[in-house]
Structure formats: C-alpha cells, structure tokens
Amino acid sequence: MRVAALIKRIVLEMLRDKRTLALMFIAPLLILTLMHFLFNGEKAGLKLGVAGVDEALTDRLDKAGIVVKEYASADRAEETVVDDDLDGMLIAQAGEYRLVLQNSDPLSAGSLKMKVNQTIAAFLQSQQMKGQAFGNIPKLQIDTDYVYGSSKSEFFDVLSPILVGFFVFFFVFIISGIGLLKERMSGTLYKLMSTPVRRWEIVTAYLCGYGIFALIQTVIVILYALNVLDIVLAGSFWHVLLINLILALVALSLGTLLSSFAESEFQMLQFIPVVIVPQVFFSGIIPFDGMAEWVQTLAKFMPLYYGGDALKEVMYKGNGLGAIESDLIVLILFAAFFIALNLFSLKKYRAL
C-alpha cells in the first residue's frame with residue numbers, strides 16, 4: 001500500500017507539471033519530425049563547370065549525375081568556382097586535364113573527383129575501342145587543385161569550427177541561465193528589485209558579470225582546440241575570438257531570458273531539447289543544399305546558423321571580416337533582441 005501511495009504521489013506530481021509532460025511526449029515528436037525533413041530532402045547534385053572539354057565527355061559527365069555548366073574559358077577558375085558556387089571545374093588543355101575543387105565539403109569534393117576520374121577513364125577507353133589512334137587520345141592525367149584546404153582535408157576540418165562555436169554557445173547558455181535562476185530562487189533578485197536599481201542596470205550587471213567568465217571560457221576553448229587538438233585555422237585567431245565572443249553574448253542573453261520562465265534547474269534544462277538541439281541541426285553540421293526551402297528558411301532564425309557559417313569562413317576557408325560581416329551583424333541583432341526581452345521580462349518582478 002505504501003508503494004502504491006508513493007506511485008500515486010509521483011503520478012499526480014507529474015500530471016501537475018505540464019512542462020515536463022510536454023517535454024516527454026511532444027518534444028521528441030517535434031525533433032523526430034525535424035530530423036525527418038532534414039535527412040529526407042532531395043540530395044543536391046554535384047555542380048561541375050567545364051572549359052575546353054569534349055562535348056562527348058560533357059554528355060558522359062551529365063549522365064553520371066553531375067550538373068554540368070559550360071564556360072568559354074577558365075582564366076579565373078578558382079574565382080569562378082567560388083562565385084558560381086560550383087563544387088569544381090574541369091579544364092581540358094593541350095591534351096591534359098585539370099580539376100579545380102572548391103573543397104568546402106571534403107566529402108562532396110572526394111565524390112566529385114572520383115566520378116570525374118571514372119568518367120574520363122571510361123570515355124578514353126571508349127575512344128580507343130572506336131579505333132582512334134592512341135596518340136590522339138589525351139592521357140588520363142588529372143592535376144587537382146583545391147580552393148580551400150588540400151587533398152588531406154577531412155570532413156572534420158569543416159565540422160570542427162562549428163563545434164567550437166556550438167560548445168561555447170551551449171555552456172554559456174546553461175551556466176548563465178542556471179546562475180540567474182539561482183539568484184532568483186535565493187531571493188537575491190527580489191531584494192535587488194526592491195532597491196532603486198533600474199532594470200537595465202541589473203541586466204547589464206548580470207551580462208557583464210557572467211560575460212567575464214564567458215570570455216575566459218571562450219579563450220580556453222579556442223586555445224585548446226587550436227593548440228592541443230590541432231584544429232585547422234586558415235584565418236585570423238582574433239577574428240575567431242571575436243565571433244565566439246559575440247556568439248557567447250547571444251547565448252548569455254538567451255540563457256538569462258529563458259531562466260525567467262523556469263522555476264528550478266530541472267526546468268531550465270528542459271529548454272535544451274527545444275532551444276539547443278535545433279541549433280545543432282541548423283549550425284551547418286548537416287549540409288543545407290538538400291533541405292526543403294522552408295527548412296532552409298527556418299535555419300535563418302537560429303543564431304548558430306550564422307555563428308557556424310562565420311567560423312567556417314574564417315577557420316577553414318581563411319576569409320576575413322568582409323566575408324562574415326553580415327553574419328556578425330545578425331548575431332549582434334539577436335543579442336540586442338534578447339537583451340531587450342530581458343528588460344521586459346523583469347517587469348513582472350517590479351514595474352518601473
């Protein structure tokens with residue numbers, strides 16, 4: 001009977017906690033649905049530019065499932081690959097082939113290289129079988145150049161900058177949210193609100209106070225990733241630090257905002273599946289090309305979408321502030337929006 005009474009008490013407590021029930025029964029369905037649309041989108045075809053390539057070979061490349069775009073010349077092959085967002089460009093000149101790969105995704109680059117090699121080999125073999133003179137057939141010699149990275153680049157080289165940003169975002173979010181929640185639960189926040197201190201002063205103080213530790217954490221994570229894990233850094237360390245600091249500010253302001261809706265540390269942790277998990281999906285870890293358009297639009301409402309893109313541009317591609325200016329502006333706007341909501345949320349403790 002005592003066991004039954006305890007079971008009844010637990011069940012009744014769970015039924016009264018609507019947020020926990022929603023987390024258990026609804027959140028998994030939402031995340032599974034999101035993953036369904038992410039992983040079941042149409043796979044984007046590999047895009048290859050060609051210049052000086054035989055028409056018959058171009059047709060073979062097209063039949064191999066490669067989206068082919070013809071160019072009159074390849075004087076600026078690397079720039080063309082980046083500007084037109086091509087996976088690569090195949091150039092035929094003086095009986096030799098040259099393949100320029102963008103390599104922003106080493107997996108796609110490796111797949112394209114393999115397909116191009118196989119298609120050219122099959123094409124040359126068919127030319128021989130037609131009885132053409134061997135001397136007129138180009139040798140299967142393909143010089144490969146990479147716009148980003150090198151032949152040794154792996155998918156983790158692209159993934160690692162995004163992971164650096166994610167861990168900074170995640171832990172700052174948790175620490176700031178739980179930290180402010182403890183202040184409220186202990187009564188410190190209520191005591192502050194009974195003084196002449198204004199809401200903006202309280203928000204500024206908490207952001208700066210937790211921001212000091214967020215800064216230290218950010219520097220430690222970056223230095224460890226670069227010097228111990230030897231994560232690739234093609235751009236400036238200071239640009240990486242700037243991106244992560246702005247990302248930490250967004251996480252800090254979001255964490256303190258959501259903590260006002262939680263009554264315990266457990267309830268604060270309940271925001272992770274709803275707020276943090278979608279950020280992972282839209283941070284760039286999963287390629288966006290194959291996603292539905294509405295899913296790609298949804299990604300643009302996630303701070304880590306911009307943080308991940310900025311970090312990849314600097315750490316992997318070696319670009320400067322000009323390439324990430326728009327990402328930084330959006331992140332700053334996110335932070336300003338969350339800070340404004342923080343000021344508004346304090347009204348329920350005291351109206352000034």
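Quick notes
- Here the accessible area of the range 204-264 is 76 percent carbon and sulfur, with a 1.4 angstrom probe and all protein chains present.
- Peptides 84-95, 216-227 ordered by average Cβ neighbours within 10 Å, highest first: 84-95, 216-227
- Ellipsoid equivalent to the range 195-265 - semi-axes via the Cα gyration tensor, in Å: 31, 13, 10
- Binning the alpha carbon pair distances of the range 243-299 at 10 angstrom intervals from zero yields the distribution 19, 40, 32, 8, 0, expressed in whole percent.
- Peptides ranked, highest mean first, by Cβ atoms within 10 Å: ranges 46-54, 66-74, 235-243: 46-54, 235-243, 66-74
- Directionally averaged projected area (convex hull, Cα atoms, the range 198-319), nm²: 9.4 nm²
The values are calculated or read from the model by the stated rules, or taken from the named source; none is laboratory data. Keep in mind it's a predicted model, so treat the numbers as computed, not measured. Don't worry about glycine lacking a Cβ; one is built from the backbone with ideal geometry, like all the others, and counts go over all protein chains shown. These accessible areas exclude ligands, DNA and RNA; they are computed on the full protein's heavy atoms, side chains included. Shrake-Rupley method; radii C 1.70, N 1.55, O 1.52, S 1.80 Å.
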